[in-house]
1. Applying the selection to the range 49-63, what residues are more than 12 Å from Tyr24 (Cα to Cα), part of a helix (DSSP H, G or I) and not basic (Lys, Arg)?
Amino acid sequence: MDINEFIKMNSAEKSSRPSVLKPYQDDIFRLKDEGFSGSKILEYLTLNGVKVTLTSLNRYIQRNYPAHAGKGKMANAQSAATKKPVKSAPPPVAPAAKSEDPNKPSWVPSHIDIDALMSKD
């Protein structure tokens, strides 16, 4: 059996039951476009008698939203490819020169005289 035969025989199983969210697809995508969170979209669906989990809603959006009017991850990936590159960070600053006095810690500023501070007059 070749792969094309297998696909023909089993294609009916793949989409045997339409999603309960399909009738609300335009509403879901509009709410998504308006910036509503998944929880708020779920609240809207519940008010309309549709009972699904947030996970199911998110999965539905992830699978179907990119195809909606050029929106979603696929469109974002394409637009990211056409955006101008971000300027790179400035080069790192060179570390301060080492102290001439080998006994003086490197973190002590050069204008501080450690010997004067340490001597007891």
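Only the coordinates and a few stated rules stand behind these numbers; no lab work does. Predicted model only: the values in this text are computed from it and were never measured. FYI the Cβ positions are ideal-geometry reconstructions off the backbone, even for glycines, and counts take in every protein chain you see.
1. Leu54, Thr55, Ser56, Asn58, Gln62
Per-residue answers, yes or no, for (1) among the basic types (Lys, Arg); (2) surrounded by 15 or more Cβ atoms within 10 Å (Cβ to Cβ):
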position	(1), (2)
Pro23	no, no
Gly35	no, no
Glu43	no, no
Asn48	no, no
Lys51	yes, no
Tyr65	no, yes
